[in-house]
Structure formats: structure tokens, C-alpha cells
Amino acid sequence: MASIFLIGPMGAGKSSVGRALATKLDYDFYDSDREIEERCGVDIPTIFDYEGEVGFRDREAAMIDELTALPNIVLATGGGAILRDANRECLRERGHVVLLSVELKEQFRRIGFDTKRPLLHTEDPQGRLAALMEERAPIYAALAHVDIATDSRRMHHVVSRILRHLKSNGLV
């Protein structure tokens, strides 16, 4: 059985779907951002304040390397985790990558005013989300084994679609 790695933009539902999927598979669930916060003892905005995005990405890369080496897990990654080659290599080579996608309008509805997202601390958070998606969409698409849309879908439908995909590919 392969580990499952969830990638996608912030607000796509990686953590919520990941927890539910892990329960269905009887796998352990990890959220790379939460693991970083637990180890550092501070939240991600504080890490950004002190270390900047580069410092955070260094911590994220170490965490992804560690977590993807674990067997039979579901891992929810941060939206920007796919930016580093080393992270993409760990994800691609150590498990099955599922992209959770979301339309910009729905993404903004879900997280546009979330003060705990440092990359949205801007005068135009919707424009920032659009710019991030333009930059990251080709990387997500190239890395993922499957793309599952989460727009206006109940979580159990998303989890069911992932499970069907995994079963049809002999992964569970």
C-alpha cells in the first residue's frame, strides 16, 4: 500500500480531506504545516516574521523529507511545498500524489480573509491567490497522479473519488 500525498493550493481542503481519507484507509495522518508549528512551538506567521519565506521553506523541505519516508501515511502539504525540486522528488518517488484543486472564487471564499496565511497579507488577497495559482498550477499538474476538484463538493464525495482512484490503480 502506498502513502498518499495531497498537494494543491491553500484552501483546497487538503487537511480536512486528508484526515478523513486517513481514517478510511486506517493510515496515520500528517499535515506538514502543523508538524512544523509543533516542532517550532510557534505558528507559521511567526516563522515568516522571523525567518521569512525562505526560512519557512527550508523547514518545510526538511519536514517533507522526513514525513514522506514514513510508510502508509496520508500527508497534507502546504500549498507552496511543490516549489522546491527536492520536495517534488520526495513526493513523486515515495508515494502517490493527489492534487486537490479549487476554483479561485471558491478558494477566496474559503480563505480570503484568513489572517493566519502570511502570503495573503496584502491589499489584494484575491489577486495574490490568482498570481500564486498561475505560478503553481503547471507544477501541481506535472506532479500529480490525479486531479480531484473540491469545489462545491462535500468532503465525503471527494474522499470517495480518491478512494475509487486508488482502488482502480491497485494502490489500496
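Every number in this text was worked out from the coordinates using simple rules, so none of it is lab data. All values derive from a computational prediction rather than experimental measurement. FYI the Cβ positions are ideal-geometry reconstructions off the backbone, even for glycines, and counts take in every protein chain you see.
Which of the residues that make up region 27-72 are of a type in the set (Asp, Glu) and assigned to a helix (DSSP H, G or I)? Scanning region 27-72 gives Asp33, Glu35, Glu37, Glu38, Asp49, Glu51, Glu53, Asp58, Glu60, Asp65, Glu66. Looking across region 13-36, the residues that are closer than 17 Å to His96 by Cβ and under 11 Å from the mean Cα position of the chain (by Cα) come down to Lys14, Val17, Gly18, Tyr30, Ser32.
Of the residues making up region 13-63, those that are among the aliphatic types (A, V, I, L, M) and closer than 22 Å to Asp147 by Cβ are Val17, Ala20, Leu21, Ala22, Leu25.
Residue under question is Tyr27, and the condition is that it be aromatic (Phe, Trp, Tyr) and surrounded by fewer than 20 Cβ atoms within 10 Å (Cβ to Cβ); does it hold?
Answer is no for this residue.
From the list Leu91, Leu75, Leu99, Leu132, the lone residue that is surrounded by 20 or more Cβ atoms within 10 Å (Cβ to Cβ) and part of a helix (DSSP H, G or I) is Leu91.
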